[in-house]
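Working notes for the structure below.
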Amino acid sequence: MRIYQKNFKPVSFFLLIFILHPIHGLGQTGPGGVGTSGSNIIWLTADSLYTLTDGDNISLWPDGSGNSSDFSQPDPSYTPIYKVNILNGKPVVRFNKSNGRLRRINFANFPSTQIETFIINKNAENGDGVLSYASTANNNDFLIYNSNDLRIFRGNTSIISGVQTNDNQWHILDVSWRSTDGAVAIWKDGANHYNGTLATGTSITGNGSFAIAGEQDLIDGAYDAGQAHFGDFAEIIVFNTSLNTARK
């Protein structure tokens, strides 16, 4: 796997995480040797779409975590497109259509009490839904949105971080939450930009729908074009555990 630093040179995922913060328990089999299919539940990389040609619609983004958590979009009106030679000679997934999104429905093994997400993204958005998980418990059971002032919604509460990623530059974003103490942390480009607490002692309900670039207000429904995300994704990785228990 290749992931990108601020200078946009591909490095191993382990090296990136080491730069961001320490990791315990190396020698694993997940991205770059971090985690396993038991902890790494989503691993989407634009490189995996190499059979497509520039400008092709993407109806399926295959998951490389070993969990078959593929993301799909059956309606071509909402599909992102495949763009080549965008980031250091590598391809990206570009969301450029009104209300565009990919989603994974009936997501049985979605994280419940801990989640850590890594996103490599470039956008110039405001008020957008970056990643949206809806369940029978809450339409916004876990939501990352508003690239101009990054916000996290979990259950019935939210935080406003002040972190901005909408400057039309590439950024590596790491967002984590855990139930035990409600700890939320946001890292951008290797630096810790926010720490807080949110929804302590609660849990995320499984079997919901996880959407990329769209904010759902029902399970895979009630998408609002005004909250859609227009931008490029090189990689999305999700763990169901915290990668650094010492993080403050």
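Each reported figure results from applying straightforward, stated rules to the coordinates on display, with no laboratory input. Remember, it's a predicted structure, so these values are computed and weren't measured experimentally. All Cβ positions, glycine included, derive from the backbone under ideal geometry; neighbour counts span all protein chains shown.
Numbers below:
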{"quantity": "Matching residues in region 35-74 - criterion: being loosely packed, with under 14 Cβ neighbours inside 10 Å and over 30 Å from Ser112 (Cβ atoms)", "calculated": "Tyr50, Thr51, Thr53, Asp54, Gly55"}
{"quantity": "Single residue of Asn156, Asn240, Asn166 found to be touching a residue at least 24 places away in the same chain (Cβ under 8 Å), surrounded by fewer than 19 Cβ atoms within 10 Å (Cβ to Cβ) and of a type in the set (S, T, N, Q)", "calculated": "Asn156"}
{"quantity": "Asn192 in contact with a helix residue (DSSP H, G or I) (Cβ under 9 Å, 6 or more places away or on another chain), more than 17 Å from Gly129 (Cα to Cα) and polar (S, T, N, Q)", "calculated": "yes"}
{"quantity": "Qualifying positions in region 114-135 - among the small types (Gly, Ala, Ser) and either in a strand (DSSP E or B) or crowded, with 23+ Cβ neighbours inside 10 Å (or both)", "calculated": "Gly129, Ser132, Ala134"}
{"quantity": "In region 155-173, the residues that are touching a Ser or Thr at 6+ places or on another chain (Cβ under 7 Å) and not in a loop (DSSP other than H, G, I, E, B)", "calculated": "His171, Leu173"}
{"quantity": "Condition check for Asn148: within 27 Å of Asn96 (Cα to Cα) and surrounded by fewer than 22 Cβ atoms within 10 Å (Cβ to Cβ)", "calculated": "yes"}
